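Novice: One structure coming up, written as structure tokens, with questions to follow.
What follows draws every value from the coordinates through simple rules; no lab data is involved. Bear in mind that the values here come from a model prediction, so they are computed numbers and not experimental data. Note: ideal-geometry Cβ built from the backbone for every residue, glycine included; neighbour counts use all protein chains shown.
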């Protein structure tokens, strides 16, 4: 009998054996698939978010300057930009006034951003990211570009003007010049973009300060050098480069976050229980089956092959099932199981439009941590049982 | 009297192959979906880059409940604990987002 035919027959026997204990095996398969689903879902969703940040933030300001005082960020004087005029290689310094606006009616937190749009890169293309309306002329006062959640809030209130309160509770109203597209929701969903003077007026920010300064550099290779020069020239500031911003997004969705640790620990705990159950020995019924097979003339290697196939089938099917469900969960349902943790108590909930990138390395890692140890835990006790004489094994039953 | 015709039974392996074929077809469909999704994502990324460049954005808008998860790239590490002395971090999103390394020159990273 050829090796292939032998293994096909062994596989037939293994399947029949699995089917005889279908309730137990099915529950093992489902729990195992559930654990893999949890880990793979987390991997896919964090990878998709990191990838989105990586792709989008490639156009972020090259350097952002924030003033620090007593360990907190405070408004940066516009005079600081004049101190930077001596640094060769800086193309321009653009001040931004931005902050958060809490809408008491809806309970939502909006991000209000005021800047001189005509001084920003790609300002001429801003209309491309607007679903409705168009970008107001530079310097035009009283007009706002808003994200979709802000528009929905406005529609619920039933007004066409965006009315906001200053800190002294006096009201200021803006016309809605445009609404951002759904495709940019992951960046603009809660945004209210105003002219910088309007934002100053709304937050009552003095004219000689801004929230932070965006620095644009002519030569990308000089960014670290220029950032260091800025840090030396303005010692009371924090100088954040684009590379650091992108690096932030490579780590914030990592395994070190508490939720990820919970997923990992759950998976590990489940797996330890599995492994312990398997490694602690075979059930009397399984011992009896092995002894009978040996009495019938089966060799130790045949019995090991049965257990190996059993492990491959259960763990392999659980792996494929878990990973497939994880992809469906992230791609079709927007990782809805993780959403409550991802957005927390946020009233605004942007459509994430996640497109999971399937990387072989991710799944290989999950495979190595789940399937291989399971197979080892299946085969080792079978080997220890199959290597003793059949009569003695059967006699003990 | 005709002898009873033996009933043809499908081997367990045959059943397994049927299951594997179904799973394979499902995976193929998902692979095609992933390829289409990647092309769509590339189009959307172009728009996102325009928004980021034109507005000078630094962060993703995933969670809006706390400023340190709305703008983790330009926030202080102390922010989650600065509401009052002895304050503890209490927003749910704080458990999903790992704290970033303190960014910025003048912050020990030179």
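Novice: Hey, got the average number of other protein chain Cβ atoms within 10 angstrom for residues in A:231-241?
Specialist: Mean inter-chain Cβ contacts per residue within 10 Å come to 4.
Novice: So for the pair residue A:88, residue A:333, with labels modelled 7 Å out along Cα→Cβ, what separation do we get in nm?
Specialist: Taking the simple label geometry, residue A:88 and residue A:333 are separated by 6.0 nm.
Novice: Under a crude label model (7 Å from the Cα following the beta-carbon direction), how far is residue A:30 from residue B:89 in nanometres?
Specialist: 3.6 nm
Novice: Let me have the relative contact order for chain A, percent, based on Cα pairs under 8 Å that are six or more residues apart.
Specialist: Numbers: 570 pairs, mean separation 112.4, N = 397.
Relative contact order comes out at 28 percent.
Novice: Still on this structure: Taking only Cα atoms, what is the 0 to 90° angle, nearest 10, from helix A:242-251's long axis to the longest principal axis of chain A?
Specialist: The angle comes out near 30 degrees.
Novice: Where does chain A land at 222 nm, in deg cm²/dmol rounded to the nearest 500, when only DSSP H runs of n ≥ 4 count, each adding -39500 (n - 2.57), divided by all residues?
Specialist: Helix-only estimate at 222 nm: -17000 deg cm²/dmol.
Novice: Based on the Cα atoms of the stretch A:90-217, what semi-axes does the equivalent ellipsoid have, where each is the square root of 5 times one gyration tensor eigenvalue, given in whole Å with the largest first?
Specialist: 22, 19, 12
Novice: What's the angle, to the nearest 10 degrees (0 to 90), between helix A:223-233's Cα axis and the longest principal axis of chain A?
Specialist: On a 0 to 90 degree scale, this one is about 50.
Novice: Follow-up. Quick one: plug the Kirkwood hydrodynamic radius of chain A (C-alpha pairs) into Stokes-Einstein at 10 °C, 1.306 mPa s, and report D in µm²/s.
Specialist: Values: Rh = 25.9 Å.
Estimated via Stokes-Einstein, D reaches 61 µm²/s.
Novice: When Cβ neighbours within 10 Å are restricted to other protein chains, what is their mean count per residue of peptide A:211-220?
Specialist: Mean shielding count: 1.
Novice: Output the relative contact order of the stretch A:90-217, whole-number percent, from Cα pairs under 8 angstrom with separation of 6+ residues.
Specialist: With pairs under 8 Å counted, the relative contact order is 38 percent.
Novice: Give the Rg/Rh ratio for the stretch A:295-380, taking Rg as the radius of gyration of the Cα atoms and Rh as the Kirkwood radius, to two decimals. Don't jump to the answer; show the numbers that get you there.
Specialist: On the way: Rg = 19.5 Å, Rh = 15.9 Å.
Rg/Rh for the stretch A:295-380 comes to 1.23.
Novice: So, one more: Taking neighbour counts of Cβ atoms within 10 Å as a proxy for exposure, in what order, fewest first, do A:44, A:187 appear?
Specialist: Working: A:44 25, A:187 28.
By the 10 Å Cβ count, ascending: A:44, A:187.
Novice: Pull out the extension gain between residue A:384 and residue A:345, defined as 0.36 nm times the separation in residues minus the alpha carbon to alpha carbon distance; nm, one decimal.
Specialist: Gain on stretching residue A:384 to residue A:345: 8.7 nm.
Novice: Listed highest first by mean packing, meaning other Cβ atoms within 10 Å per residue, what order do A:54-64, A:162-172 come in?
Specialist: Details: A:54-64: 22.3, A:162-172: 11.7.
Descending mean neighbour count gives A:54-64, A:162-172.
Novice: Another question, then. What does the average come to when, for each residue of peptide A:263-274, you count the partner chain Cβ atoms lying within 10 Å of its Cβ? Numbers along the way, then the final one.
Specialist: Numbers: counts 0, 0, 0, 0, 0, 0, 0, 0, 0, 0, 0, 0.
Whole-number average of other-chain Cβ neighbours for A:263-274 is 0.
Novice: Which distance in nm do the two modelled labels at residue A:221 and residue A:261 give, with both placed 7 Å along the Cα-to-Cβ direction?
Specialist: Placing both labels 7 Å along Cα→Cβ, they lie 4.3 nm apart.
Novice: Using only the alpha carbons of the stretch A:156-279, determine the length spanned along each of the three principal axes and report them from longest to shortest in whole angstroms.
Specialist: If we take the Cα atoms of the stretch A:156-279, the spans are 71, 50, 30 Å.
Novice: Return P(r) of the stretch A:216-356 (all Cα-Cα pairs; 10 Å bins starting at 0; whole %; ordered from short to long distances).
Specialist: Reading the bins upward from 0: 8, 20, 20, 18, 15, 10, 6, 4, 1.
Novice: Then there is this: Quick one: if the Förster radius is 35 Å, what FRET efficiency do residue A:72 and residue A:163 give, using the C-beta to C-beta distance and rounding to 0.05?
Specialist: Values: r = 30 Å, r/R0 = 0.86.
Computed FRET efficiency for residue A:72 and residue A:163: 0.70.
Novice: Mind giving me the FRET efficiency for residue B:39 and residue B:10? R0 is 30 Å, r the Cβ-Cβ distance, nearest 0.05 is fine.
Specialist: Working: r = 41 Å, r/R0 = 1.37.
After rounding to 0.05, the efficiency reads 0.15.
Novice: Can you give the Rg/Rh ratio of the stretch B:8-65, where Rg is from the C-alpha atoms and Rh is the Kirkwood radius? Spell out each step's value before the answer.
Specialist: Details: Rg = 21.9 Å, Rh = 15.5 Å.
Dividing the radius of gyration by the Kirkwood radius yields 1.42.
Novice: Sticking with this structure for a sec: Once Rh is set to the Kirkwood radius over Cα pairs, what Stokes-Einstein translational diffusion coefficient, in µm²/s, holds for the stretch B:17-110 at a temperature of 10 °C and a viscosity of 1.306 mPa s?
Specialist: Numbers: Rh = 17.3 Å.
In µm²/s, the coefficient is 92.
Novice: Looking at the stretch A:90-217 only, what percent of DSSP beta bridges run antiparallel? Nearest 5 please.
Specialist: Here the share of antiparallel DSSP bridges comes out near 75 percent.
Novice: Hey, another quick one. Under Stokes-Einstein, with the Kirkwood radius over Cα pairs standing in for Rh, what whole-number D in µm²/s applies to the stretch A:1-107 at 25 °C and 0.890 mPa s? It would help to have the intermediate numbers written out before the result.
Specialist: Values: Rh = 21.6 Å.
It diffuses with D of about 113 µm²/s by this estimate.
Novice: With a 10 Å cut-off between alpha carbons and a GNM built on chain A, which of A:321, A:154, A:360 moves the most?
Specialist: A:360
Novice: On a 0 to 90 degree scale, rounded to 10, what angle separates helix A:22-56 from the longest Cα axis of chain A?
Specialist: 30 degrees
Novice: So between residue A:312 and residue A:175, what do we pick up on full extension, going 0.36 nm a residue minus the alpha carbon distance?
Specialist: Here the segment from residue A:312 to residue A:175 would lengthen by 43.0 nm.
Novice: Turning to a different aspect of this structure: Hey, could you grab the Kirkwood Rh for the stretch B:58-100? Inverse mean 1/r over distinct alpha carbon pairs, Å, one decimal. Provide the component values of the computation, followed by the final result.
Specialist: Values: mean 1/r = 0.0939 Å⁻¹.
With all distinct Cα pairs of the stretch B:58-100 included, I get 10.7 Å.
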